[in-house]
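Here is the structure we will look at.
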């Protein structure tokens with residue numbers, strides 16, 4: 001008896017697959033494509049986030065020192081800036097190092113600097129920020145505090161670059177939620193349509 005029941009169930013399954021072959025194929029294909037698109041988007045998003053993290057790590061504040069800053073004042077500046085919770089690290093760049101860096105940046109055109117004194121560029125502090133503070137509000141606030149310190153003549157930071165980076169991060173976040181919501185709704189519709197088609201295909205049996 002049990003064998004007859006199993007055989008009947010098996011025949012019904014095969015018949016169902018034959019009757020709804022294209023429906024199952026279309027549903028499976030659509031869901032597979034949905035998962036493929038979603039997985040591809042997650043991969044692109046992760047790569048983009050990696051790029052953003054790399055660009056974000058390059059956001060720095062440059063504080064240029066006055067010419068008459070003493071060694072004691074310099075040490076005081078370094079200690080005070082390092083004590084700020086936003087700061088990841090501070091590096092002192094001497095006039096000589098600034099000159100060499102400038103010459104390297106010019107490359108083959110460095111000859112235009114011939115005749116200029118090597119101490120023409122000011123000493124500076126390169127200030128790196130911790131990851132949670134690499135955004136416009138935090139950078140602006142810290143720059144204003146550093147600008148008012150004794151021995152600091154000027155403070156610069158890539159304001160336009162920070163603004164574009166912040167907008168790009170926001171755009172990625174919005175795109176993630178919008179696409180995720182769209183794929184969720186699409187999956188629900190696909191599952192609902194499959195169930196509806198299965199019920200319609202078994203309409204006569206259900207009525208019995």
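The values are calculated or read from the model by the stated rules, or taken from the named source; none is laboratory data. What you see is a predicted model, and the numbers here were worked out from it, not measured in a lab. Quick reminder, even Gly has a Cβ in these numbers, built from the backbone with ideal geometry, and neighbours come from all protein chains shown.
Points worth noting:
- The listed residues are 4, 96, 63, 32, and the only one of them that is at pLDDT 70 or above, farther than 30 Å from residue 187 by Cβ and out of contact with any strand residue (DSSP E or B) (no Cβ under 6 Å at 6 or more places or on another chain) turns out to be 96.
- Among the residues of region 101-121, those that are exposed (fewer than 14 other Cβ atoms within 10 Å of the Cβ), touching a helix residue (DSSP H, G or I) at 6+ places or on another chain (Cβ under 6 Å) and within 25 Å of residue 75 (Cβ to Cβ) comprise 118, 119.
- Among the helices (runs of 4 or more DSSP H) confined to region 122-208, the ones with at least 1 residues that are outside the structural domain of residue 86 (by TED's automatic domain parsing), modelled with pLDDT under 70 and surrounded by 12 or more Cβ atoms within 10 Å (Cβ to Cβ) are located at 159-201.
- Residue in region 71-92 that is farther than 21 Å from residue 150 by Cβ and either part of a helix (DSSP H, G or I) or in contact with a strand residue (DSSP E or B) (Cβ under 9 Å, 6 or more places away or on another chain) (or both) present: yes
- Scan of region 55-91 for residues that are free of Cβ contacts under 8 Å to residues at least 60 places away in the same chain, closer than 12 Å to residue 125 by Cβ and touching a helix residue (DSSP H, G or I) at 6+ places or on another chain (Cβ under 7 Å), ordered by number: 87, 90
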